[in-house]
Amino acid sequence: MKLPNIPINENQRLEVLKTYQILDSDFEKKFDNLTELASSICNTKIALISLIDENRQWFKSCVGLGARQTSRGISFCGHAINEPNHLFEISDAKEDERFFDNPLVIGEPYIRFYAGQPIVSKEGFALGTLCVIDTKPKKLSKSQKNSLKKLAQQVYYLFELRKSKLKIKTEKQQFKRFAELSPNIFYRYSSNSKLIYHSPIVEDILGYSPTAFKNDPNLWLTLIHPDDIDLVNNSLKSAKNKSK
């Protein structure tokens, strides 16, 4: 058995992988849908979204396999990430000198066929693969290869979307913690002028709870001195125009 080579950009690759905060996360249906589709299109028993970290390959999604991870040293995907721009296909693992005595070939899940399309980040790093596996030799057609490539791109788009949502969630939590500890009033409005958040201290300063301001969006206007109404309204209009 031949151990997979370590990519020359391994440190940078691992840093990028960690930014997605996806390792050891729960199964998610949107990822499972893609592995199920890959399995169906390629007519294989097993399909995986496999990510390679320092010592293991870890599965974000798996069809037809009970394990959640394996050692990187025996992984087929560990080889595949060394060729980010190409599909890595093994038609018959028993006839390949790199894999014929691999524990995953001579034992469960008895791999004979493997095809892994690298999941490549915008920086050009192979984070892992979308791979299909079977217990009998085979080769993918040109159409199947093309479909697997497109599905791997969709997996990466989901990574990016998930990362963006986590960033927004973190920013909201940080804003809320800061606002709750500040002696000043903080508030947030949506683009359609709907009140999203008011810091709790508003009740101590103005005598109304945050809920009161959500129930009556114009309540705060009654608390402004008449001489300042025009100034406040002009400031709000200016802020809305800048946000468009």
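Computed on the Cα atoms alone, the convex hull of segment 30-102 gives a volume of 111 cubic angstrom per residue. Residues PHE99, PHE178, arranged from fewest to most other Cβ atoms within 10 angstrom of their Cβ, appear as PHE178, PHE99. By the beta-carbon count within 10 Å of each Cβ, the least crowded to most crowded order of ASP216, ASP230, ASP53, fewest first, is ASP230, ASP216, ASP53. Taking θ as phi - 60° and the Karplus parameters 6.51, -1.76 and 1.60, the scalar couplings of segment 132-144 work out to 10, 9, 9, 9, 9, x, 5, 9, 7, 6, 4, 5, 5 Hz in sequence order, x denoting glycine and proline.
Dipole check for the chain: with +1 at the C-beta of Lys and Arg, -1 at the C-beta of Asp and Glu, and the Cα centre as origin, the magnitude is about 680 Debye. Cβ crowding within 10 Å ranks TYR20, TYR110 as TYR110, TYR20, fewest other Cβ atoms first.
Backbone amide hydrogens, once placed in the peptide plane, bring ASP53 within less than 5 Å of TRP58, excluding anything fewer than 5 places away on its chain.
Once the mean of 1/r is taken over each pair of separate Cα atoms and inverted, the chain shows a Kirkwood hydrodynamic radius of 21.4 Å.
Estimated at 0.36 nm per residue, the fully extended path between LEU219 and LYS45 surpasses their Cα-Cα distance by 56.5 nm.
Readers should treat all values here as calculations from the given coordinates under stated rules, not as data from a laboratory. Keep in mind that this is a model prediction, so the values were computed, not measured. Glycine also receives a Cβ, built like all others from the backbone with ideal geometry; neighbour counts cover every protein chain displayed.
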